[in-house]
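Only one structure is covered here, and it is reproduced in the block below.
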Amino acid sequence: MTMLDKLAKGSENIFVPPAPRRPFVDGCGRTINYLRMSVTDRCDLRCRYCMPQRPNFLPKRDILSLEELYRLACIFVAHGIEKIRITGGEPLVRKNLLQLLRQLGDLLPKREGTESSPEDLPESLPGFLQNLTLTTNGTHLTEFAEDLFACGIRRVNVSLDSLDAATFAHLTRGGSLSVVSEGIDAALKAKLAVKINCVALRGVNVSPEEVDRMLAWCGEKGCDLTYIEVMPMGDIGNEKRLNQFYPLTELRSSIAERWHLAPSSYSSGGPARYWHCAETDRRIGFISPLTENFCDGCTRVRVTCTGMLYPCLGQESGSDLRAPLRDHLDDDEPCAKIVAARVAKKTRGHAFVIDRNTGMSLARTMNTTGG
Ligand code: SAM
Ligand code: SF4
């Protein structure tokens, strides 16, 4: 019997979780509780650090259907996954994504008569998802913000690398800053907490003026901000990774010369190390896989839009879950066994190094894998 059959046995509106299964534990004894799931490799932008101008998108038949994505999510939740982040590509360009989000939202425990976020629950409830979230470029937030909230999502990460309209258009190869900015306003209006993700790019968005503008803007909007070091993933055409890379250790020191930063113990379950900024009273995070390794407490795994499971963003080795899903329509065990075996091989840390000649460390791209 599949997890889906078991879910169907619950009444129409009340999710009855299946009996919890043995959690997935990695080779270092870490229990895996966080799944990042890419739902598409397609995107309406072409960020220069993420993909080439003319990417070869995957044939549709290779991409997991919404039903397959849901079935996979149920398998992970039954095995102790508490947090799912939906990503891509741009997740909001996936047709009928709301169908999947509504189903995943039904895996969250409901609290009658309260608006409190599922992630505020005091302790985890076995077999339930605790936190459903999404990473987006923000171009479709105006349209979807209220629906996302209705699905049980309470936080979104929005990528925004510059507040200068011309720089933003250049970086994204044609994106509109005002569309994204309106999307962020719509999300805040719909009561979604918004964290801004900003990839630090040498010579583009790391000058004191640009950084101060971003910090102040996030403070005014009430958004946390996370800077990310550019990672050497995939072919990005004519762009040169080494030219893009800017170490966040340097950025943090520079910010600390002008803003009061105090270390924060906050963790979002992701790889960022957080600081509290006194002037904005918001958090500022740094994801620095190359200059400061973030791997020790990592309890995340990723599934690509084709169903490849990668226990580590920075390692090539993964396992195909699409074949066991499609070959065993009535039985989840073969798939769960493959996950358990691959997770057991999850190593302590990643292997990112920017190759001086190719600018690459890993051949797979961020938009397929899911950032
Ligand atoms: N399209 C959505 C977005 O841009 O937020 C979700 C997918 S995107 C691949 C997820 C995150 O990965 C974004 O914050 C993006 O800036 C980041 N990203 C993409 N390529 C990257 C790279 N080579 N190095 C570091 N971050 C990258
Ligand atoms: Fe699209 Fe996100 Fe990649 Fe930019 S970073 S090209 S928005 S998937």
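Computing the accessible area with a 1.4 Å probe over protein heavy atoms, can you report the carbon and sulfur percentage for the stretch 129-182?
Within the stretch 129-182, the accessible surface is 52 percent carbon and sulfur.
Can you tell me the order of 194-202, 180-188 when each peptide is scored by its average per-residue count of other Cβ atoms within 10 angstrom, highest first?
194-202, 180-188
Place a +1 charge on the Cβ of each Lys and Arg in the stretch 142-219 and a -1 charge on the Cβ of each Asp and Glu, then give the dipole magnitude about the Cα centre in debye, rounded to the nearest 20.
In total the dipole reaches around 280 debye.
Using a cut-off of 10 Å between beta-carbons, work out the net charge of the residues near Gly175 (Lys and Arg +1, Asp and Glu -1, Gly175 not included).
Net charge around Gly175: 0.
Between rounded, prolate and oblate, where does the stretch 287-348 land on the alpha carbon gyration tensor, with a ≥ b ≥ c its root eigenvalues, rounded for a/c under 1.5, else prolate if a/b exceeds b/c?
Note, shape of the stretch 287-348 comes out prolate.
Counting only other residues whose beta carbon sits under 13 Å from that of Ser65, what net charge do I get with K and R as +1, D and E as -1?
Local charge sum for Ser65: +4.
Leaving out ligands, DNA and RNA, and with a 1.4 Å probe, what % of the accessible surface on the stretch 297-342 is carbon or sulfur?
Carbon with sulfur: 52 percent of the solvent-accessible area.
Nothing charged except the Cβ atoms of Lys and Arg (+1) and of Asp and Glu (-1): what's the magnitude of the dipole of the stretch 180-319 about its Cα centre? Round to the nearest 20 debye.
320 debye
Excluding ligands, DNA and RNA, what is the solvent-accessible area per residue of the stretch 267-342 at a probe of 1.4 Å, expressed in Å²?
Heavy-atom SASA per residue in the stretch 267-342 reads 40 Å².
Would the stretch 47-113 count as rounded, prolate or oblate if I go by the C-alpha gyration tensor, calling it rounded below 1.5 in a/c and otherwise prolate when a/b exceeds b/c, oblate otherwise?
prolate
Tell me the per residue accessible area of the stretch 134-216 using a 1.4 Å probe; a whole number in Å² is fine.
Heavy-atom accessible area per residue stands at 38 Å².
Below 10 angstrom from the Cβ of Arg322, what's the summed charge of the other residues (Lys, Arg +1; Asp, Glu -1)?
-3
The values are calculated or read from the model by the stated rules, or taken from the named source; none is laboratory data. What you see is a predicted model, and the numbers here were worked out from it, not measured in a lab. Ideal geometry is used to build each Cβ from the backbone, glycine not excepted, and the neighbour counts take in all protein chains shown. Side chains included, ligands, DNA and RNA excluded: accessible areas come from the protein's heavy atoms. Shrake-Rupley method; radii C 1.70, N 1.55, O 1.52, S 1.80 Å.
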